[in-house]
Structure formats: structure tokens, C-alpha cells
Amino acid sequence: MSADTMRTVVQDAFGGPEVLRVERVPRPVPLPTEVLVRVHAAGINPVDWKTRAGSGMAGVLGEPPFTLGWDVSGVVEEVGFGVTTLKPGDEVYGMPWFPRAAGAYSEYVTAPARQFARKPATLDHAHAAAVPLAALTAWQAVVDTARVTDGQRVLVTAAAGGVGHFAVQFAHHLGAHVIATASAGRHAWLEELGADETVDYTTTRFEEVVADVDVVIELVGDAHDDSSTRSLEVLRPGGLLVTIPAGVSPELAAAAEAAGVRVTPFLVEPDGTALTAIAGLLDAGEVAVEVEATYPLERAAEAHARGEAGRTRGKLVLTVTD
């Protein structure tokens, strides 16, 4: 095959997993300050299948055709003019361009050099690709937005998912008392990651057993059993609810004000500096990443179907290059 083309997963219409297909397209060329990265693995996130179906970041990407994916782990192939922090051969990982299209389900991507960081040395590419979007979301929510401190009580909903299992670990690392919601089969694992208490959401409503919380990292949303609104009940006066899936509705904002607590929407941003800090925690063994399964690029549709089933522990990953 021509060195000027690459394999990529494209979709020509919104729809189910079956709209994803592999084709060959021109290989991108890095502009000044950008790097060309040969992708070894690409992480899959809920925003991917939501966007594929027409929600998620579809409003940013516009109408198909487009290529999904924002999680990348790979090797720098070429650098554009002005890049001094990376060189060809460097192993890197990142979440380029989010929420604009990054096209991570491809053999190559280009993006600004500083949206990448050096890959954690202790991780292979499949595990490194599972980190960026989920870990940056958790880091920016727990560390930058909530500014969690030692001794605070933090509730993490959907704690067994990609973002959730990082949020549990970052809050624990900061010295918080962490309460995690997940099905019973995930409780022992979450306790190993640092959860001090666990709640089985399939049998117990968390607001009936949790109280006096300083921060809620809310990863479910009101579309699912009013999870965000119910979270207001567990917060201390002045406590903070960080809602990640769907923002803050006027109704939720009014309910928070009436309850005497704070609420904020959140959307993750590319951050190479934070990824460097996260890599340090991973390499030191302070934080771990969970990959439930990997799929070759050609089986992206199958991976999406599995992810949408909503029972994944940690992350799913596409392997792109050996």
C-alpha cells in the first residue's frame, strides 16, 4: 500500500455500530507546531458511541463523514516546524483536539505537540491509550475544579467506568474519604483502588445511605434515574456537585441553589502538562488503569456494541499498529 495513505474508521451517517467501517484515506501532514503520530492504540469512550449515534460531540463535528476517537498512544513519526519538545521515535500519549475531531481511530494523527506527553514507561500502548480522556476528565474534575483536599468526603457515581475508576484513585491519592457507586461485583476492585465505602446502585439508592459529602463527581446524569438531582441530597451546605455527562439544566441549578449547595458543568480539555503528572503517578504505581478488552481496528463496531451495553470495567481499546 502507498505510504501516503492509511487505514481509518469512518462513518457516513449517524446510527448504530454498523455504520463504522474501515477505509484508506490520505495520511495527514503535520503543520508547524504539530507532530505526526503513528497510532499504536486508540481508547474508546462513551462520548465516541454517543457521537456516532448523533449526540455527544456531534454538534461540534457536524454531519458525517468523520472519524471518531480522541485517545491516542503511539510513536512520533515526524515533527512540524517549531517543535522542540518531541522528536521522531518518542513514545507519546494524548487526547488531541477534543472536542474537535482528532480522528484517533486511524493509523496516524496530527496535533499540536503540547497536546501530547511522553507515554508512561511502565505501560504498553494499549493501556496507555486507555488513559488520556478518562484520566484527564477525572484529574480536571477532582484536582482542578473541585480542588479536593485531605479529609474531604467525595462521592463518585459510576465508579467502575473509565472516568470513575480514575476519579476514585485521584481523590484517594489526595487523602479524601471516597465513596463509590457500582454493582456489587465491582466493589472489591474499587476498594483496592482506594474506595473507602461502596454502594450497590442496583439495590440501594445512594442518597439513602450517604450524607455529609463535600464533593460529588457525578458521572451518570439526570437522564438516568435523576442521578444528578439526587446527588444534591448528599452534599453538605456549600458542597460541590460536578456534573460531567450532560451539564447543568436550569432545573438542576435552581434545585442546587435551594439546597444551599454549588453545582458546575464540566468538559475536559487537552492538557499535556497534566498527562505528564498522571504518567508519573502511573509509573510510580500510585494509580492504575484498567483495560477490559482490546479489539483490532476492523472490529471497532463490535467494541462499540460492547461499550454501549454499559457493563465495562475500566476501558475498551482498539489496537491499530503492532
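If only residues of segment 153-175 that are assigned to a helix (DSSP H, G or I) and free of Cβ contacts under 8 Å to residues at least 40 places away in the same chain are counted, the one that is nearest to the chain's Cα centre (by Cα) is 168.
The listed residues are 299, 306, 311, and the only one of them that is at pLDDT below 95, more than 15 Å from the chain's Cα centre (by Cα) and either closer than 25 Å to residue 52 by Cα or hydroxyl-bearing (Ser, Thr, Tyr) (or both) turns out to be 311. You will find that of 136, 155, 190, 123, the residue that is touching a helix residue (DSSP H, G or I) at 6+ places or on another chain (Cβ under 9 Å) and farther than 20 Å from residue 291 by Cβ is 155 and no other. Of everything in segment 228-273 that is in contact with a strand residue (DSSP E or B) (Cβ under 7 Å, 6 or more places away or on another chain) and of a type in the set (D, E, K, R), the residue that is farthest from residue 138 (Cα to Cα) is 236.
Could you say whether any residue in segment 140-159 is outside the structural domain of residue 306 (by TED's automatic domain parsing), surrounded by fewer than 24 Cβ atoms within 10 Å (Cβ to Cβ) and within 19 Å of residue 70 (Cα to Cα)? Give the derivation first.
At the first step, the residues of segment 140-159 found to be outside the structural domain of residue 306 (by TED's automatic domain parsing) are 140-159.
If we keep only those that are surrounded by fewer than 24 Cβ atoms within 10 Å (Cβ to Cβ) too, we end up with 140, 143-145, 147, 149-153.
Filter once more, keeping what is within 19 Å of residue 70 (Cα to Cα): 140.
Among the residues of segment 140-159, at least one is outside the structural domain of residue 306 (by TED's automatic domain parsing), surrounded by fewer than 24 Cβ atoms within 10 Å (Cβ to Cβ) and within 19 Å of residue 70 (Cα to Cα), which makes the answer yes.
Between 265, 270, 250, the distinction of being in contact with a helix residue (DSSP H, G or I) (Cβ under 8 Å, 6 or more places away or on another chain) and either farther than 19 Å from residue 207 by Cβ or assigned by TED's automatic domain parsing to the domain that holds residue 47 (or both) belongs to 270 only. With respect to being of a type in the set (Gly, Ala, Ser) and under 15 Å from residue 304 (Cβ atoms), residue 41 falls outside the description. Considering the conditions (1) without any contact (Cβ under 8 Å) to a residue 60 or more places away in the chain; (2) in the same structural domain as residue 58 (by TED's automatic domain parsing), residue 294 is excluded by exactly one of them, (1).
Given the criteria of a type outside the set (Phe, Trp, Tyr), farther than 23 Å from residue 298 by Cα and touching a helix residue (DSSP H, G or I) at 6+ places or on another chain (Cβ under 6 Å), does residue 114 qualify? Against the criterion (of a type outside the set (Phe, Trp, Tyr), farther than 23 Å from residue 298 by Cα and touching a helix residue (DSSP H, G or I) at 6+ places or on another chain (Cβ under 6 Å)), residue 114 qualifies. What do you reckon, is residue 52 touching a strand residue (DSSP E or B) at 6+ places or on another chain (Cβ under 7 Å) and over 20 Å from residue 321 (Cα atoms)? So residue 52 passes the test.
Looking only at segment 204-215, decide whether some residue is among the small types (Gly, Ala, Ser), at pLDDT 95 or above, out of contact with any His (no Cβ under 9 Å at 6 or more places or on another chain) and more than 25 Å from residue 56 (Cα to Cα). Checked segment 204-215: at least one residue is among the small types (Gly, Ala, Ser), at pLDDT 95 or above, out of contact with any His (no Cβ under 9 Å at 6 or more places or on another chain) and more than 25 Å from residue 56 (Cα to Cα).
The condition of being within 29 Å of residue 112 (Cβ to Cβ), of a type in the set (Asp, Glu) and crowded, with 16+ Cβ neighbours inside 10 Å does not hold for residue 283. Put simply, of 240, 219, 232, 155 the only residue that is in contact with a Gly (Cβ under 6 Å, 6 or more places away or on another chain), at negative phi and among the aliphatic types (A, V, I, L, M) is 219.
The values are calculated or read from the model by the stated rules, or taken from the named source; none is laboratory data. Nothing here was measured: the structure is a model prediction, and the numbers come from that model. Glycine also receives a Cβ, built like all others from the backbone with ideal geometry; neighbour counts cover every protein chain displayed.
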